[in-house]
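J.: Pasting in a structure now, in structure tokens, and then I'll have a few things to ask.
Throughout, read-outs are computed from the coordinates displayed, never taken from laboratory work. The model shown is predicted, which means the values in this text are computed figures rather than measured ones. Cβ placement follows ideal geometry from the backbone for every residue including glycine, while neighbour counts extend to all protein chains displayed.
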Amino acid sequence: MQRRDFVKGLTLAGAAISSQVAAENGTSQTGKPPKNSFKLKYAPHLGMFKNSAGDDPIDQIKFMADMGFTAMEDNGMMGRTPEMQQKMGDEMTRLGMTMGVFVVDKGGNGQNTLTAGKPEYIDIFLKGCRGAVETAKRVNAKWATVVPGDFARNLPIGIQTGNVIDALRRGAEILEPAGLVMVLEALSDTPDLFLRTSDQTYEICRGVNSPSCKILYDIYHMQKNEGHIIPHINWAWNEIAYFQIGDNPGRNEPTTGEINYKNIFKHIYQKAKADKREFVLGMEHGNSIKGKDGELSVIKAYLDSDNFAM
């Protein structure tokens, strides 16, 4: 089904969501569900709504905008052709959408070796930074995700930290003139990963000491690795440039796990407003229910979690 046809039939397919949206925002003259209005800049990723919008990236971006999302992220953007990157960037500009993160493609074995300090792996990383600058120009991106990789088990932790800082400083020298910020993401996927907590990431960012090296605070991973989410956000606040979302367990949309996203979103909203800052919050999670019904459930979960008193 095409995006346009789906939007026309959304009232019947998602009666619960349509009722909620109509109650909150009114009903359009065309009979379509009104565009949702979110307090925060949530960013779906490509593939999240493909059952509703189809496989074409441009149609998916249009669908996100139709549903009221004002940002989009795409980890694999560097793997797309320059022509597709430009097309996507142009469409987001036309729709007034913000491009969220994409992942810096470090390629090959360089992905897991910044901790070792080997020149050949640093060269691969720097090549990825140069490619990221070109990609960012096409899609109007401000942030690109970097993961230092695995522990170098033969080296003391302080030496590994120094190696990472040295590599990231060199990367920042490439990114800073272009206005591109690498956001460091601490992960929980395996115990081999070097970057694990927000305070460790904060320390590295302060060591790099560049506006082009900041924190990507992924709430899902940090719930698993450190918990105590709101205090950790406060402690690392000055170095955080981007957030990502996923409930735990399951890594699906808010309301499906243990994390009280309504409180977290409210806290980020109020603190950002007080500091005159704005964040993109990437929806880096799966859908708990398959198919179009699951995609409707994702939208409803964000409507519910974004519905907090200011």
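J.: Which of Leu114, Leu216 has the fewest other C-beta atoms within 10 Å, and how do the rest follow up to the most?
T.: Going from least to most buried by this count: Leu216, Leu114.
J.: For volume of the Cα convex hull per residue in Å³, pick the label among (1) 130; (2) 151; (3) 262 that corresponds to the value derived from the coordinates.
T.: Only one option fits the structure, namely (1).
J.: What is the antiparallel percent of DSSP beta bridges lying wholly in region 36-305, to the nearest 5?
T.: 5
J.: Let me ask something additional. Using DSSP loop states and a limit of at most 16 other Cβ atoms within 10 Å to flag GluC sites (Glu not before Pro), what is the longest stretch of the chain containing no flagged site?
T.: After excluding every exposed loop site, the longest remaining stretch is 1-257.
J.: Quick check: net charge around Ala309, other residues with Cβ under 11 Å of its Cβ, Lys/Arg +1 and Asp/Glu -1?
T.: Neighbour charge sum, excluding Ala309 itself: +3.
J.: Counting only DSSP beta bridges with both residues in region 110-248, what percent are antiparallel, rounded to the nearest 5?
T.: 10
J.: Would you order Tyr217, Tyr261 from fewest to most other beta-carbon atoms within 10 Å of each residue's own beta-carbon?
T.: Tyr261, Tyr217
J.: Under a 5 Å amide H to amide H cut-off, with H placed in plane at 1.01 Å, what residues pair with Gln244 once short-range neighbours are removed?
T.: Tyr217, Asp218, Ile219, Gly282
J.: What spacing in nm lies between the two simple spin-label points modelled at Lys118 and Glu278, each 7 Å away from Cα in the Cβ direction?
T.: For Lys118 paired with Glu278, the spin-label model returns 4.4 nm.
J.: Could I ask something else about it? Applying 1/(1 + (r/R0)^6) with R0 = 22 Å to the Cβ-Cβ distance of Glu258 and Met310, what FRET efficiency is obtained, to the nearest 0.05?
T.: 0.35
J.: Could you please report the charge total around Glu176, scoring K, R as +1 and D, E as -1 over all other residues with beta-carbon less than 14 angstrom from its beta-carbon?
T.: +4
J.: Test of understanding: express the Cα radius of gyration of region 59-109 as a ratio to 2.2 N^0.38 Å, with N the residue count.
T.: The reported ratio for this selection is 1.22.
J.: How far, in nm, would the chain grow between Asp199 and Ala178 when pulled straight, counting 0.36 nm per residue and subtracting the alpha carbon separation?
T.: 4.8 nm
J.: Still on this structure, please answer the following. Provide the net charge surrounding Met99, with neighbours chosen by a C-beta distance below 9 Å and charges set as Lys +1, Arg +1, Asp -1, Glu -1.
T.: Its environment carries a net charge of -1.
J.: Suppose each label sits 7 Å from its Cα in the direction of the beta carbon; what would the Gln270-Asp55 distance come out to in nanometres?
T.: Going by the 7 Å Cα→Cβ label model, 4.7 nm.
J.: Output the relative contact order of the chain, whole-number percent, from Cα pairs under 8 angstrom with separation of 6+ residues.
T.: Rounded, it is 16 percent for the chain.
J.: Hey, got the Cα dimensions of region 105-215 along the principal axes, in Å, largest first?
T.: Computed over the Cα atoms, the extents are 40, 28, 24 Å.
J.: Could I ask something else about it? As a footprinting exposure proxy, order Phe243, Phe102 by other Cβ within 10 Å, with the fewest listed first.
T.: Lowest count first: Phe102, Phe243.
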